[in-house]
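Below you'll find the structure, written out as C-alpha cells, and then a few comments.
The values are calculated or read from the model by the stated rules, or taken from the named source; none is laboratory data. No experiment lies behind these values; they were computed from the predicted model shown. For neighbour counting, all protein chains shown are included, and Cβ atoms are generated from backbone atoms with ideal geometry for every residue, glycine included.
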Amino acid sequence: MIGLCIGLAGALWAQEPTADFTLAWRHTIEKIRWEEDYHIDAEGLHLGEARVRGSGAGMEIPDGAVLRDGSWHYRRDLPALQPLRLGRTPEAGDFELCVAGACRPLAHWIGPPRASQPAVELWSCAISQQPKHHSSPP
C-alpha cells in the first residue's frame, strides 16, 4: 500500500496509510489559514486544490483563484513532489495534517516543532497496513 511517510533526509519518523491528505497551516504574520489537498502515488505527492482565506504581506492570491465559501480556491500545475520539504519551528507554529476528515498537528506523529530540527519532509512510500508513529524525531 502507498502511504505518507514523514521524516527528514530519508530517515523515517512516522507513516500514515492514506492515499489523500490535506496540509494546513497559518501564515506566521497574517494568521490566515492555508490548505492544500494532496493525492499520493508512487511518483510522489500531487497537489490538487489549494485554499486561502485572505491575502496580506507576502500572500498574493494566485491568478485564476475563485472566491467560494470565504476562501480563495485555486490549482497549480506542479510535478509530483518527492519529497515535500516543510519549515517547522516553535515560533511559526505547527502544520496540521488532515486525513479522512480528522485534522491533527504534525506533533501528533512526530512531536512538537523544535528549533534544533527546523524542517520535516513528506513523501510517498510503500507501508504496511499499520501506521508507524514515533513520539519525536531523533
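Restricting to region 11-54, and then to whatever is loosely packed, with under 15 Cβ neighbours inside 10 Å and of a type in the set (Asp, Glu), can you tell me which residue is nearest to the chain's Cα centre (by Cα)?
The extreme case among them is Asp20.
Restricting the search to region 44-65, which residues are in contact with a Phe, Trp or Tyr (Cβ under 7 Å, 6 or more places away or on another chain) and either within 23 Å of Ile29 (Cβ to Cβ) or assigned to a strand (DSSP E or B) (or both)? Working first, answer last.
To start, the set of residues in region 44-65 that are in contact with a Phe, Trp or Tyr (Cβ under 7 Å, 6 or more places away or on another chain) comprises 44-48, 50-52, 61-62, 64-65.
Correct list: Gly44, Leu45, His46, Leu47, Gly48, Ala50, Arg51, Val52, Ile61, Pro62, Ala65.
Please state which of the following conditions Arg76 fails to meet, knowing it meets all the rest: (1) over 16 Å from the mean Cα position of the chain (by Cα); (2) over 16 Å from Ala126 (Cα atoms); (3) loosely packed, with under 14 Cβ neighbours inside 10 Å.
Of the numbered conditions (1) over 16 Å from the mean Cα position of the chain (by Cα); (2) over 16 Å from Ala126 (Cα atoms); (3) loosely packed, with under 14 Cβ neighbours inside 10 Å, the odd one out for Arg76 is (1).
Can you find a residue that is without any contact (Cβ under 8 Å) to a residue 60 or more places away in the chain and out of contact with any strand residue (DSSP E or B) (no Cβ under 7 Å at 6 or more places or on another chain) anywhere in region 39-51?
Let us first name the residues in region 39-51 that are without any contact (Cβ under 8 Å) to a residue 60 or more places away in the chain, namely 39, 46-51.
Remaining after also requiring out of contact with any strand residue (DSSP E or B) (no Cβ under 7 Å at 6 or more places or on another chain): none.
There is no residue in region 39-51 that is without any contact (Cβ under 8 Å) to a residue 60 or more places away in the chain and out of contact with any strand residue (DSSP E or B) (no Cβ under 7 Å at 6 or more places or on another chain).
Considering region 1-32 alone, what residues qualify as being part of a loop (DSSP other than H, G, I, E, B) and of a type in the set (A, V, I, L, M, F, W, C)?
We begin by selecting, within region 1-32, every residue part of a loop (DSSP other than H, G, I, E, B); these are 1, 9-10, 17-19, 27-32.
The answer is Met1, Ala9, Ala19, Ile29, Ile32.
Take Ile127 and tell me if it is of a type in the set (A, V, I, L, M), modelled with pLDDT of 90 or more and in contact with a Pro (Cβ under 8 Å, 6 or more places away or on another chain).
On the way: of a type in the set (A, V, I, L, M): yes; modelled with pLDDT of 90 or more: no; in contact with a Pro (Cβ under 8 Å, 6 or more places away or on another chain): yes.
The answer is no for Ile127.
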